1. Where does the Debye-calculated log10 I(q)/I(0) of region 24-163 sit at q = 0.15, 0.18 Å⁻¹, using only Cα point scatterers of equal weight, no solvent?
2. Which length gain, in nm to one decimal place, applies between residue 58 and residue 239 when the Cα-Cα distance is subtracted from 0.36 nm times their residue separation?
3. With both bridge residues required to lie in the chain, what share of the DSSP beta bridges run antiparallel, to the nearest 5%?
4. Could you work out the relative contact order of region 3-180, using alpha carbon pairs under 8 angstrom and six or more residues apart, expressed as a whole percent?
5. Per 20 Å bin, what percent of the C-alpha pairs of the chain does each bin hold, from zero upward?
6. Suppose only helical runs count, i.e. DSSP H with n ≥ 4. What mean residue ellipticity at 222 nm does that imply for the chain under -39500 (n - 2.57) per run, divided by all residues and rounded to the nearest 500 deg cm²/dmol?
7. Using R₀ = 56 Å, calculate the FRET efficiency as 1/(1 + (r/R₀)^6) where r is the Cβ-Cβ separation of residue 306 and residue 1; round to 0.05.
8. Of all DSSP beta bridges located in region 3-180, what percent are antiparallel, nearest 5?
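None of the figures in this text is laboratory data; all of them are computed from the coordinates on show. These figures come from a predicted structure and were not determined experimentally. Every residue, glycine among them, receives a Cβ derived from its backbone with ideal geometry; neighbour counts consider all protein chains shown.
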């Protein structure tokens, strides 16, 4: 194997992405090269080769106008991406599609060409190259396809390395890309700060902001969350909706498939706002005038300077900004690490900001459940099942 190709493949295997390759007409040697370099299981989930026309028709779900085109490559990449999402939920995945028309054992009237596309949550990219007819044998044309496939994969993985192509005069790769336009892709890309996912699954940008909002990670959502939302609605007289930030002060950002997994629990039951607002100061900017429904553990974090780079001034400024946006907090009691039920009156809120916080009495809500404990119990149960 060419040393430059090996180095590129090693970088692909080391990158934090996984992919499914869908190939027809050519490019299979690139798949072989990827699998022959140690570490392939870290990056390659599956290689699909629907070679016969009927196999391609079944792969697409319909018979396309042509099997060798940019549109066909993009459709293959999208199908490969969907397969990758199913195989590796909650991970960064990529689908690659490759369709070619190369030297065969019978003359071809049309051009010899290759079309390659990659599809991610954020962008679909495609490359097309017309090869000089009769200038190479099948092996020579395949070697060009292999290099373009590996370079396309490197580009989708965000790697700077590329293999130099041995192109002839007049041969030039034509490239293009289309940014994803659906709200989740825009949110992940940073082009959108928030949008609403309605209970029927519809995604609405610019929807009317809620009056009562319950932020959380909901990993997983449990009966205590639903009971708290109901208690908050009874107390405020307004519907309580949920907020999930894809960014977190203490944890890695959420991948698209993990976001979808968490949203699935709300389908048919409640509205959820997805945001890029990990802090309450940022949330208040997006939702001025809202009442945030939180637990005493969150209220404690709001007044701890370690969440403000150790600065009391920053903590006070953040709370002042929240007040200026006329936001308030409705606080429910929570069981702490020592098993004590802690309510708002046991939280040492600075005197100047006590008016921002109101309690939900224990008589109206108490649920000694936590997502953390549920995850731990599920882990133990899974380990026992395996044993």
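1. Calculated log10 I(q)/I(0) at the listed q: -0.73, -1.06.
2. Here the segment from residue 58 to residue 239 would lengthen by 60.5 nm.
3. 50
4. Relative contact order comes out at 24 percent.
5. 24, 42, 26, 8, 0
6. Computed ellipticity for the chain at 222 nm equals -11000 deg cm²/dmol.
7. For residue 306 and residue 1, the calculated efficiency is 0.65.
8. If we restrict to bridges inside region 3-180, about 65 percent are antiparallel.
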